[in-house]
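Working notes, beginning with the structure itself.
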Amino acid sequence: QYTSFVLVTCSATLTTCFRSSLLPPPLRLRTRLPQIIIIGVRKGGTRALIEMLSLHSSVAAAQNEVHFFDWESHYQKGIPWYLSQMPYAYPDQLTVEKTPAYFTSGKVPKRIYDMNPDIKLLLILRDPTERVLSDYTQVFYNRLQKHKRYQPIEYVLVKDGDINLGYKALNRSLYYVHMQNWLQYFPMDSIHVVDGDELIRDPLPEMKRVERFLKLAPQINASNFYFNKTKGFYCLRDHGKERCLHDSKGRAHPHVAPAILQKLYKFFHEPNQKFFQMVGRTFNWK
């Protein structure tokens with residue numbers, strides 16, 4: 001700890017705040033608007049992605065979901081408030097925040113573009129059906145912990161024998177619908193799609209692709225990951241310290257009748273094809 005006396009000075013454009021202290025100039029910390037945003041998707045693996053990206057010494061990550069561009073109560077506070085939510089970073093570090101709800105919010109793409117049209121966006125997606133089941137599982141456990149009633153998954157997925165189009169979790173998995181909004185403002189070379197299913201199975205190749213997209217020096221390597229047999233997924237190792245994602249991650253999905261799963265796979269087939277054409281890439285989704 002160098003000092004407790006800190007003076008915050010913001011630039012005229014409010015894009016950077018410098019914190020003056022007794023630190024020598026080369027080590028001076030500052031907050032700045034993010035150069036990278038993980039825009040989603042919910043239950044796609046955003047927490048795993050930002051934790052893995054934080055392994056790189058050139059990245060400073062905000063710890064909490066900021067919800068600046070999608071929550072009016074936050075957006076009305078303006079850029080200075082958003083800036084205050086960013087982590088301290090050294091001059092050679094890139095700042096990143098993640099808010100999964102950004103991807104499916106129609107007003108967010110323009111707001112981010114207005115802030116910085118050259119920003120780099122990371123979008124992590126999973127098989128749409130698996131994402132829906134994870135979405136339900138999260139809500140199920142949240143309601144269980146609060147001693148609230150919950151509906152069996154069959155009741156929310158199916159209505160009158162057909163897929164329940166009113167179920168919000170289904171809409172979040174219609175990736176092409178939301179991607180259309182982003183492509184109105186950002187070219188595909190500003191958006192990198194991370195395969196969330198592959199990140200779970202084998203994180204290193206996906207993280208190397210992220211490094212290349214962000215033009216980071218290759219640094220994340222195999223020694224940063226180890227498979228935890230108890231949890232059933234990869235955990236992280238950073239400078240000898242090991243850490244795993246919260247116990248709320250990797251929860252088992254509820255059993256779903258095969259007939260209902262088939263309905264889901266069929267429902268997502270055409271939307272998936274539209275998304276593949278849109279991004280010029282295919283994924284191993286059922």
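The values are calculated or read from the model by the stated rules, or taken from the named source; none is laboratory data. For clarity, every value in this text was computed on a predicted model and none was experimentally measured. All Cβ positions, glycine included, derive from the backbone under ideal geometry; neighbour counts span all protein chains shown.
Observations, loosely collected:
- Take the conditions (1) within 10 Å of the chain's Cα centre (by Cα); (2) surrounded by fewer than 22 Cβ atoms within 10 Å (Cβ to Cβ); (3) not in a loop (DSSP other than H, G, I, E, B); residue 81 misses just one of them, which is (1).
- Residue 147, sole failed condition from (1) surrounded by fewer than 20 Cβ atoms within 10 Å (Cβ to Cβ); (2) within 13 Å of residue 39 (Cβ to Cβ); (3) not charged (D, E, K, R): (2)
- Single residue of 183, 170, 165 found to be at pLDDT 90 or above, crowded, with 18+ Cβ neighbours inside 10 Å and not aromatic (Phe, Trp, Tyr): 170
- Taking (1) under 26 Å from residue 139 (Cα atoms); (2) of a type in the set (D, E, K, R); (3) over 21 Å from the mean Cα position of the chain (by Cα); (4) assigned by TED's automatic domain parsing to the domain that holds residue 174 in turn, residue 241 satisfies each apart from (1).
- Cβ-Cβ contacts under 8 Å between residues 6 or more apart (or on different chains), taken from a first residue in the stretch 100-112 that is touching a residue at least 40 places away in the same chain (Cβ under 8 Å) and part of a helix (DSSP H, G or I) to a second residue that is surrounded by fewer than 18 Cβ atoms within 10 Å (Cβ to Cβ) and aromatic (Phe, Trp, Tyr), are listed as 109/185; 110/185; 111/75; 112/185.
- Options 192, 246, 239, 255; residue that is in contact (Cβ under 8 Å) with a residue 40 or more places away in the chain and loosely packed, with under 12 Cβ neighbours inside 10 Å: 246
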